[in-house]
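Comments concern the structure below.
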Amino acid sequence: LLAARPTAVNLRWAVERMRAVVDVTNDVEKEAMSIEEEDRVANQRMGEYGAALIPTGAVMMTHCNTGSLATAGLGTAFGVLWTAYQQGKLKKVMATETRPYLQGARLTAWELKNEKIPFELITDNMAAHFMKTEKIDGVIVGADRIAANGDTANKIGTYSLAVLAKQHGIPFYVAAPTSTIDLRAATGEGIPIEERSSEEVTHIRGISIAPPNTKARHPAFDVTPAEFITSIITERGAVMPPFSKTLSLLAPNVPLAIV
């Protein structure tokens with residue numbers, strides 16, 4: 001299990017938590033149900049903290065899939081969008097297709113449609129055009145690992161969106177549970193990047209879109225430097241830079257607050 005997802009730290013966090021239970025009581029089913037319920041509550045709180053940062057009438061851009069298909073509750077970044085929509089603040093979502101595996105087109109678009117949230121699907125390379133020509137009020141994404149300084153690993157293409165957002169003066173938000181924060185990684189350089197099958201680049205749903213034997217690369221994640229991130233939203237609050245200091249405020253003994 002640990003080898004399956006080297007970039008995402010939540011799986012390691014859950015495995016280590018389960019190992020601790022096995023060593024004491026062996027009641028792994030009870031612990032798993034606790035983790036599930038904690039995730040539901042965390043999703044709800046992230047939604048509330050994140051929605052507070054979104055202006056009324058907002059058009060938000062998102063990447064990859066962060067909703068109920070990926071979590072036990074409302075989702076991380078998707079949960080923020082859902083909550084903002086329920087509060088009457090969200091006008092529309094622009095969802096990137098998220099090449100090469102199309103999580104945005106296949107999953108996020110389905111969730112947005114299912115929740116009746118207005119949205120438009122765009123290809124990844126359309127983001128800069130729309131940031132320049134239309135009103136985009138923010139970009140919000142999830143995270144697979146957050147280093148101690150705030151550098152954030154997420155689905156490949158996230159870094160590009162962060163650079164584009166900064167160029168166009170658009171806030172860039174990351175929504176993730178505190179279990180995603182890895183204080184053992186001082187910076188993003190300490191986060192391993194999973195390299196997935198090149199066939200996911202050369203084929204779409206089993207159909208080849210490239211010449212036979214084409215060599216392709218597929219880093220599944222990239223790292224967004226902390227300097228490009230406006231706020232990191234967790235179930236314990238939304239923190240602002242400098243993240244090397246504010247992330248430490250998310251310790252369990254600190255009251256929940258927007259910092």
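The values are calculated or read from the model by the stated rules, or taken from the named source; none is laboratory data. From a predicted model like this one, the values you see are computed outputs, not experimental measurements. Heads up, the Cβs are rebuilt from the backbone with ideal geometry, glycines too, and the neighbour counts pull from every protein chain shown. Just so you know, the surface numbers come from the protein's heavy atoms only, side chains and all, with ligands and any DNA or RNA stripped out. Shrake-Rupley method; radii C 1.70, N 1.55, O 1.52, S 1.80 Å.
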Cα→Cβ-extended label distance, 7 Å offset, between Arg196 and Arg217, nm: 1.7 nm
Highest GNM mean-square fluctuation, the chain, Cα pairs closer than 10 Å: which of Leu107, Leu69, Leu247? Leu69
The correct ranking of Arg12, Arg184, Arg19, Arg45 by accessible area at 1.4 Å, largest first, is Arg184, Arg19, Arg45, Arg12
Where labels lie 7 Å past Cα in the beta-carbon direction, separation of Val24 and Arg184 in nm: 1.9 nm
Can you list the residues of the range 80-103 with backbone N under 15 Å from a point 7 Å past the Cα of Ile204, pointing along Cα to Cβ? 96-103
Value of relative contact order over the chain, rounded to a whole percent, pairs C-alpha under 8 Å and six or more apart: 20 percent
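Looking at the chain, do any whole DSSP H helices span at least 18 angstrom along their long axis by alpha carbon and average 0.0 or above on Kyte-Doolittle, and which?
On the way: long enough: 9-24 (23 Å, 0.34); 28-51 (34 Å, -1.05).
Passing helices, by number: 9-24.
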Please label the shape of the range 42-195 as rounded, prolate or oblate, based on the square roots a ≥ b ≥ c of the eigenvalues of the alpha-carbon gyration tensor (a/c under 1.5 means rounded; beyond that, a/b larger than b/c means prolate, else oblate). rounded
Could you calculate the FRET efficiency of Leu69 with Lys116 from 1/(1 + (r/R0)^6), where r is the beta carbon distance between them and R0 is 22 Å, rounded to 0.05? 0.85
Total charge of the residues flanking Ile229 in space, meaning their Cβ is under 11 Å from its Cβ, with Lys and Arg +1 and Asp and Glu -1, is -1
Accessible area of the chain divided out per residue, in Å², using a probe of 1.4 angstrom: 49 Å²
Which of these, Gly67, Gly104, Gly190, has the largest mean-square fluctuation under a Gaussian network model of the chain (Cα springs below 10 Å)? Gly190
Among Gly57, Gly47, Gly237, determine the one that fluctuates most according to a GNM of the chain built with springs between C-alpha atoms less than 10 Å apart. Gly57
Around His218, which amide H atoms from residues at least 5 apart in sequence, or from another chain, sit under 5 Å from its own amide H, with H modelled in the peptide plane? Arg196
Around Ile191, under 11 Å between beta carbons, what's the net of Lys plus Arg minus Asp minus Glu among the other residues? -4
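Under 15 Å from the Cβ of Thr7, count the other residues' Cβ atoms, weight Lys and Arg +1, Asp and Glu -1, and hand me the total. Intermediate values should be presented prior to the final figure.
Details: positive: Arg5, Arg12, Arg145, Lys155, Arg184, Arg196; negative: Asp144, Asp151, Asp182, Glu189, Glu194, Glu195, Asp222.
My count for the surroundings of Thr7 gives -1.
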